[in-house]
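**Q** One structure coming up, written as structure tokens, with questions to follow.
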Amino acid sequence: MKKIGVLTSGGDAPGMNACIRAIVRCGVSPKLDIVGIRRGFCGVLEKDFVNLNPRSVANIIHRGGTFLETARCEEMKTQGGIKKAVEILQQEGIEGLITIGGDGTFRGAAALVEAGNVKIIGVPGTIDNDVYGTDYAIGFDTAINKALDALDRIRDTAESLQLPFFIEVMGRNRGFIALDVGIAGGAEDILIPETETNIEELCLTMKRNFEKGKKSNIIVVAEGDDAGGVFKVAQQVWERLKLEYRVCILGHVQRGGSPTARDRILASKLGAASVDALVNGMSGYMVGELKGEIAFTPLKETWEKWKELDSNLLQLIKVLAA
Ligand code: F6P
């Protein structure tokens, strides 16, 4: 293999730059030409390529976002788009591709593997951490730390004013961010899509908390929770308890900023392993990390198999909010 491409696709995640850097620098010794593809699969279809060398990835390890930029490419969901992408990669002599992103990215990658003779390795990069086959995706650790920082600040004001706060975090249709942030931030409760939300029970918990002398009630709500969004939850609680409250949606603040050490290290390890895998002829797999060891999972399983939340943490949240 002489030439490989690298792209980032879907929502950006802090640590993607560190991963691209690792891929480029690990490609030096097997003498690979590395092509950066801008704006994900859209960049393949538009031939938006840039040659990368170890110097072109200098001073990016500490930067959030992705310097290759990213996109969600609708054309890649069509047979025509996939055919066109395979043809362009062949014309350009790109024999291998490393795709960094989440399940949408891996669906595109799997379709390409099936359609042509390009070899592809996926690397999990999503703050949602909802990809099967890796304990952590690149960006998750940074996102939970950004959200935690915000929650800690909110606690100061919540306690001073003795007001309940409903804080919405990202995670799409999963509760990984909410669960970890709730535990680390000492939330009184968390509402996540994986468990049914019972507003009556939540009200009872909040009422008891105030009766126990708690000054604040911090409720972390995952954006995908089945109760219909943080404002709806807050409104329903207000209708029952008539307690003044505040709502805070953390939004994209969670996705930006300098990656944590953990994310930079994970990104570097997975970037290196993805180059190794391609050079050794592997294709159609995502490289992740399970219990500290590099692990390969067929791309299709990354979105078809269900990644479990830590059930111990789910239990703990109730106990620790005593
Ligand atoms: O998948 C990452 C993510 O940040 C989700 O948590 C969120 O639901 C979504 O992307 C937001 O997408 P956008 O940046 O397009 O608004």
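The values are calculated or read from the model by the stated rules, or taken from the named source; none is laboratory data. Since the structure is predicted, the reported quantities are computational estimates derived from the model, not experimental observations. Note that we place each Cβ from the backbone using ideal geometry, even for glycine, and neighbour counts take in every protein chain shown. The accessibility values were calculated without ligands, DNA or RNA, using every heavy atom of the protein model including side chains. Shrake-Rupley method; radii C 1.70, N 1.55, O 1.52, S 1.80 Å.
**Q** Straight-line reach from residue 215: which lysines have Cα under 25 Å away, leaving out those fewer than 8 places along the same chain?
**A** Partners found: 146, 207, 232, 242, 318.
**Q** Additional query: Determine the dipole magnitude for segment 1-119: charges of +1 sit on the beta-carbon of Lys and Arg, -1 on that of Asp and Glu, nothing else is charged, the reference point is the Cα centre, and the result goes in debye to the nearest 20.
**A** 340
**Q** Which FRET efficiency, nearest 0.05, do residue 280 and residue 184 yield, Cβ-Cβ r, R0 30 Å?
**A** Once the sixth-power term is evaluated, E becomes 0.20.
**Q** Across segment 88-206, what fraction of all alpha-carbon pairs, as a whole percent, falls in each successive 10 Å bin from zero upward?
**A** Using 10 Å bins, I get a P(r) of 12, 32, 25, 16, 10, 5, 1 for segment 88-206.
**Q** Let me ask something else about it. May I have the convex hull volume per residue, in Å³, for the Cα set of the chain?
**A** Each residue corresponds to 120 Å³ of Cα convex hull volume.
**Q** Express the carbon and sulfur contribution to the solvent-accessible surface of the chain as a percent, rounded to the nearest whole number, probe 1.4 angstrom.
**A** Whole-percent figure for carbon plus sulfur exposure: 49.
**Q** Shifting gears a bit: Quick check on the chain: of the DSSP beta bridges with both residues there, what percent are antiparallel, nearest 5%?
**A** Approximately 25 percent, going by the DSSP bridge assignments.
**Q** Using a basic spin-label model with each label point 7 Å from the Cα along Cα→Cβ, how many nm lie between residue 59 and residue 46?
**A** 2.6
**Q** Assign unit charges at the C-beta atoms only (+1 for Lys and Arg, -1 for Asp and Glu), then state the dipole size of segment 57-107 relative to its Cα centre in Debye, rounded to the nearest 20.
**A** 140
**Q** Next up: Evaluate the charge dipole of the chain about its Cα centre and quote only its size in Debye, nearest 20, assuming +1 on the Cβ of each Lys and Arg and -1 on the Cβ of each Asp and Glu.
**A** 820
**Q** Still on this structure: Check cross-link reach from residue 119 to the aspartates and glutamates: straight Cα distance under 13 Å, and skip same-chain residues fewer than eight apart.
**A** Cross-link targets: 95, 276.
**Q** Among 280, 258, 220, whose Cα projects farthest towards the positive end of the dipole of segment 208-322, with charges put on the beta-carbon of Lys, Arg (+1) and Asp, Glu (-1)?
**A** Of the listed residues, the answer is 220.
**Q** Find the centroid of the Cα atoms in segment 1-62 and in segment 79-122, then give the distance between the two in whole Å.
**A** 15
**Q** Let me ask something additional. How much area per residue is accessible in the chain when the probe is 1.4 Å and only protein heavy atoms are counted (Å²)?
**A** With the other protein chains kept in place, the chain gives 45 Å² per residue.
**Q** What residues from segment 162-181 fall in the zone where the backbone N is under 13 Å from a label point 7 Å along the Cα-to-C-beta line of residue 243?
**A** What the label zone holds, given the 13 Å backbone N cut-off, is 162-167.
**Q** Which value in Å is the Kirkwood Rh of segment 1-148 over different Cα pairs?
**A** Evaluated on segment 1-148, it is 15.2 Å.
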